[in-house]
Amino acid sequence: MSKNILNDLPELLRANVIDEETAKRITAYYDAKPNASSNRLFVVFGILGALLISMGLVLIVAHNWDDLPKAAKLFIGLLPMLIGQGVCGYLVVKDIPSRAWREGCGAYLCFTIALSIAVVGQVYNLEGNFPRFLMVWMLLTLPAVYVLRSSMAAMLYVCGVTWYACELGYFHYPSMPPWKYWPMLALVLPFCYTEFIMKGFKNNFYYFISWLVVLSVTFCIGAFENHHEDLVIGMYMSLFSVFVLLSELKAFETHRVLTNPLLLVGSLGIMCLLLLLSFDWYWDELDRFTEQDNLASMEFYFTAILSALAVILMVFVFRAKSIASINLKGFAFLIFIALYIMGINAPGSAQLLVNLVILIFAVYTIRSGAKQNHLGILNYGLLIITALILCRFFDTDFSFILRGLLFIAVGIGFFAANYYMIKKRKQNA
Amino acid sequence: MKKFLLILFVFMCVAQWLVPAKMIYDNEVVVTEGLLYKFRTQPVDPSDPFRGKYVTLSFDANAIVLPDSGDWVAGEEAFVSFGEDSLGFATPASISREEPDAPAFLKTTVNYVENYSDSPYIINFTLPFDRFYLEESKASQAEQAYWQAQRDSAQVAYGVVRIGKGQAVLTDVMINDKSIVELVKELNTTPE
């Protein structure tokens, strides 16, 4: 941006838009300003370098040098961590603010901690309890996040605790609920709050971390599933509603849809679940599901806790915004609860209503896209309708002619809506 | 703020050293003071992303036969002490929920309980020393050496394990009383 302005200065001078004095002041301003893009590059390459070095060290030690004595192996395995701590200590004592150094050191220290634990396991042939290894590794990495105020270390930490929960809940035999995942994840949240939300400063690190946290919770909550498939959908519906409601709060607002994982994952998740519920298998099997002791299940507790959280968030959102301006998908958990209760006695009606709810959400999204003059949101609404029609394509007795006409209608809708929007933009330009 | 960061930094360094140091200390105690057992085994050769290539050992002595279930359930913590059979290999002697008053016992978990009609209960438990790390080039050769030895029924493979009070350390894997590491070295030096 600054380069463009500097290049345009002679032209602006010739056209008498600015005078000589202003041109000099603009040049002096950009000369004195540190170059943001080169700083950013320095941070990126610092992180990449640290990651490659530390991962390389892990691989070299994993070779397991048979000819070295035990003490030498331990010394070589532990030395990289000592070096990382030395650099970290220097940065803290000298109060060096360089982002590149802090981020690079955080990434390096994270992997050398893993190395130090792994080398002891290797020397003493310790058993392969991988989830425990991941837990200890992450808990030892956590202080580095705060000491260095390193977003990269925080990102690696979130990845690590997610890996831990998935190992224990999905890949381990016998699988068990990874209860420690929640407090471990919570331990990194104060960093996110103080570093980004409290300061109102949202950079790329914030976007990456928020994406990681949202995806982590989405993946890991499934690890608590315990054979109550009907309530798993309720659990996820409440979770996605919480995401959508959180995205409505000022603290989590971002300028672009792609940088707001709460909104994106929440909204897409709700729509996918509703489309899943629009098939008859769920409602046909609801009888069998409800014969189980649902009220004592883990899925029920999670649904109840997340629904309560969504209600609390709703109160906060209502205080800040009018009902009309709140994203309708935030109410999805209430709709699901009502449909679930209805579905126990009248599954057919509940299934029919799910289709209606999807249609309402789709129309609401199209309207919202048109209002905000946002082609992406508008087309997302149209895609919801298309997905609904596609789903019905497989399981209804509609005639081919009717289904064909529906597809043509939606196709025309796509064309007309986009044409209208682009035309409106041109008129406003 | 800086003072707090310095305290946190010191805490971080202490914690990061304490974990490997405690692991080294605990295992050294077992290696120097634990009793020696030989566990019959069958190795295979997988790899760990952090610790490298290793030989996985599958031991015979991972179950104990009881006349009744003793209400043992999968996942339960157990203390197992070992004796020796007529050939000098380890066999589980007793299993309990409390620490036994013995010089060597293993703290482990019950995997599953087997019971068929009119037969005694078999309590299967984990032996937490199922990995023997080797230099990456040697791991698959070690496995081959083992399978060659297996063809000859007179040869036998076993893990040398030191057991202390609760913990165990696998110190070597032997094929016919020769270390698997030495065996691979010999294979590499012997001309084809």
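Some notes on this structure:
- For segment A:354-428 versus segment B:87-108, the gap between their alpha-carbon centres in whole angstrom: 69 Å
- For segment A:235-243, 3J(HN,Hα) per residue [Karplus equation, 6.51 cos²θ - 1.76 cosθ + 1.60, θ = phi - 60°, Hz, x = Gly/Pro]: 4, 5, 4, 5, 4, 5, 5, 4, 4
- Taking the helices alone, chain A has a mean residue ellipticity at 222 nm of -25500 deg cm²/dmol, built from -39,500 (n - 2.57) per DSSP H run of at least 4 residues and averaged over all its residues.
- This model, with +1 at the C-beta of Lys and Arg and -1 at the C-beta of Asp and Glu, gives the protein assembly as shown a dipole about its Cα centre of some 4000 debye.
- Across segment A:104-173, Cα-Cα pairs more than 19 Å apart make up 35 percent of the total.
- Between A:Ile389 and A:Arg40, the modelled labels are 4.1 nm apart [label points 7 Å from Cα along Cα→Cβ].
- Each Lys or Arg adds one and each Asp or Glu takes one away; over the other residues whose Cβ falls under 15 Å from the Cβ of A:Pro177, this sums to -2.
- Shielding by partners - mean other protein chain Cβ count within 10 Å, residues of B:156-169: 1
- Sequence-ordered 3J(HN,Hα) estimates for segment B:124-134 from the Karplus curve with 6.51, -1.76 and 1.60 and θ = phi - 60° stand at 8, 10, 7, 9, x, 9, 9, 10, 10, 6, 9 Hz, glycine and proline given as x.
- Global form of segment B:1-115, assessed from the alpha-carbon gyration tensor, a/c cut-off 1.5: prolate
- Taking amide H as placed 1.01 Å from N in the peptide plane, B:Tyr112 has its amide H under 5 Å from the amide H of B:Asn124, each at least 5 places away in sequence or on another chain.
- Residue-wise HN-Hα couplings along segment A:13-23, as the Karplus relation 6.51 cos²θ - 1.76 cosθ + 1.60 with θ = phi - 60° gives them from phi, are 5, 4, 7, 6, 6, 10, 9, 4, 4, 5, 4 Hz; Gly and Pro carry x.
- Mean Cβ count within 10 Å, highest first, over the residues of peptides A:145-155, A:173-183, A:84-94: A:145-155, A:84-94, A:173-183
- When chain A is treated as a Gaussian network with alpha carbon springs shorter than 10 Å, the biggest mean-square fluctuation among A:Leu52, A:Leu274, A:Leu134 belongs to A:Leu52.
- Amide H contacts of B:Leu134 (H built 1.01 Å from N, under 5 Å, at least 5 apart or other chain): B:Lys53, B:Tyr54, B:Val55
- Average partner coverage of B:4-12, which counts Cβ from other chains inside 10 Å: 6
- Summing Lys and Arg as +1 and Asp and Glu as -1 over all other residues whose Cβ lies under 12 Å from the Cβ of B:Ser69 gives a net charge of -4.
- Neighbouring partner chain Cβ atoms per residue of A:112-123, average, 10 Å criterion: 6
- Summing charges over all other residues whose Cβ lies under 12 Å from the Cβ of A:Ile197, with Lys and Arg as +1 and Asp and Glu as -1, gives +1.
- Cα-based shape type of segment A:1-147, given that a ≥ b ≥ c are square roots of the gyration tensor eigenvalues and the cut on a/c is 1.5: prolate
- Long-range HN-HN contacts of B:Thr91 with modeled amide H, under 5 Å: B:Gly83, B:Glu84, B:Asp85
Every read-out reported here was derived from the displayed coordinates using simple, explicitly stated rules and does not represent laboratory data. Because the structure is predicted, anything quoted here is derived from the model rather than measured. Glycine also receives a Cβ, built like all others from the backbone with ideal geometry; neighbour counts cover every protein chain displayed.
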